[in-house]
Structures are given as C-alpha cells and as structure tokens.
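The structure appears right after this line, and notes come after that.
The values are calculated or read from the model by the stated rules, or taken from the named source; none is laboratory data. Given the structure is predicted, the values throughout are model-derived calculations rather than measurements. Every residue, glycine among them, receives a Cβ derived from its backbone with ideal geometry; neighbour counts consider all protein chains shown.
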Amino acid sequence: MRQNHHRRQTGITLVELLLVVVIAAVMAAIAIPSYSKYLTRAKNSQAMKDIAELALAIDRYYTKNSTYPATLADLDGSLPTTDPWGNAYGYLPIDIDPPPVPGAIRRDKDMNPLNSDYDLYSKGPDGETQKALTAAKAKDDIVRAGNGGFIGLASEH
C-alpha cells in the first residue's frame, strides 16, 4: 500500500505581513502621543519639585542673611540650577534695595506682580518666556507665585 503524504508548505503571505505592519503602526500611533504626554507631565513635575527645593534654600538664605541672594549661584552648590529641559532656572530678587526695574517683574493675567519677595521660574519646554503670564511664550512656564502659595504651570495660575 502506498500512502500519499502531501506536504503543505508553511509561510507568511504578503497579506498577513501587511496586516501585522498595519497593527504595529496603529499601536505606535496610539502609544507615542501617550508617552509624549507622560514625559511632559514628568518633566513638569520635576521642575515644580526643583522650584520648591530652590525656594526653600532661598528662604533659608534669607533667614540667615536678612537679604535674598543676588543669584542662584549664591546658594548651596548641590541644588539644581537647570530645569529638566536644560535651561537655567530664572530668578529675580524683588524685595531688595534698590528694587529691580518694574518691567523686570513677572505679572499675572491682571498685570499684578506674581510675588513680592522674589521670582523663581522655569522657561518650560520651549525655553522661551515673557514677563506677562498671558503671553504665548509664557504659558508653558513653571512658576512660583503668591510668595510660594502656588508652584505650577503658568497657564493654570
């Protein structure tokens, strides 16, 4: 007796391969924006934490010296000086003699100064800022306002 064994060749067809590529592309299209938003939130949180830490060091400096430091470099060298995007944190002592030029002070949507002691902020992901928080270049900044009562996105203040 003779038995016929038919061997069936196995492999991937072009249609199956295209289907796998399409599924992978759809998954990437969903995952990449989500991951990007996650990174932005993580960097914003890091900047807020850094600003809170710097504010604490500035307040300790004031307690010790009865004046605010002229620059962030006057603080402890172990503190962060650049934000998560690689830009230097902005700092302006306001409660000093002589006071800074009024145009140098950052302002909220009602054009009131954000702080009466010192300004401390990150320029955000775009690395650009403007004095008024309502300006387009300032909306992504991470700011300290209300003499430390608020630390967060300028667009949320």
Taking the range 74-85 and keeping residues within 17 Å of the chain's Cα centre (by Cα) and without any contact (Cβ under 8 Å) to a residue 12 or more places away in the chain leaves T81, T82
- Query: Does L120 count as closer than 29 Å to K37 by Cβ and surrounded by 14 or more Cβ atoms within 10 Å (Cβ to Cβ)?
  - Reply: yes
Across (1) out of contact with any Gly (no Cβ under 7 Å at 6 or more places or on another chain); (2) hydrophobic (A, V, I, L, M, F, W, C); (3) surrounded by 10 or more Cβ atoms within 10 Å (Cβ to Cβ), V101 clears everything bar (3)
Expected single match for under 14 Å from G148 (Cβ atoms) and of a type in the set (D, E, K, R) among D97, D83, D59, D74 is D59
Reported set for the range 6-56 where residues are over 30 Å from T82 (Cα atoms) and of a type in the set (S, T, Y) is T10, T13
Of A47, A42, A55, the only residue that is surrounded by 10 or more Cβ atoms within 10 Å (Cβ to Cβ), assigned to a helix (DSSP H, G or I), in contact with a Gly (Cβ under 6 Å, 6 or more places away or on another chain) and at pLDDT 90 or above is A55
Reported set for the range 103-154 where residues are part of a loop (DSSP other than H, G, I, E, B), under 14 Å from the mean Cα position of the chain (by Cα) and among the polar types (S, T, N, Q) is T129
Residue pairs qualifying under the 7 Å Cβ cut-off, at least six apart or on distinct chains, with the first in the range 62-73 being farther than 18 Å from D97 by Cβ and the second being not in a loop (DSSP other than H, G, I, E, B), are L72/L54; L72/Y91
For the range 61-81, the count of residues that are more than 14 Å from L120 (Cα to Cα), assigned to a helix (DSSP H, G or I) and not charged (D, E, K, R) equals 4
All-but-one check, W85 against (1) under 17 Å from T71 (Cβ atoms); (2) surrounded by 14 or more Cβ atoms within 10 Å (Cβ to Cβ), failing number (1)
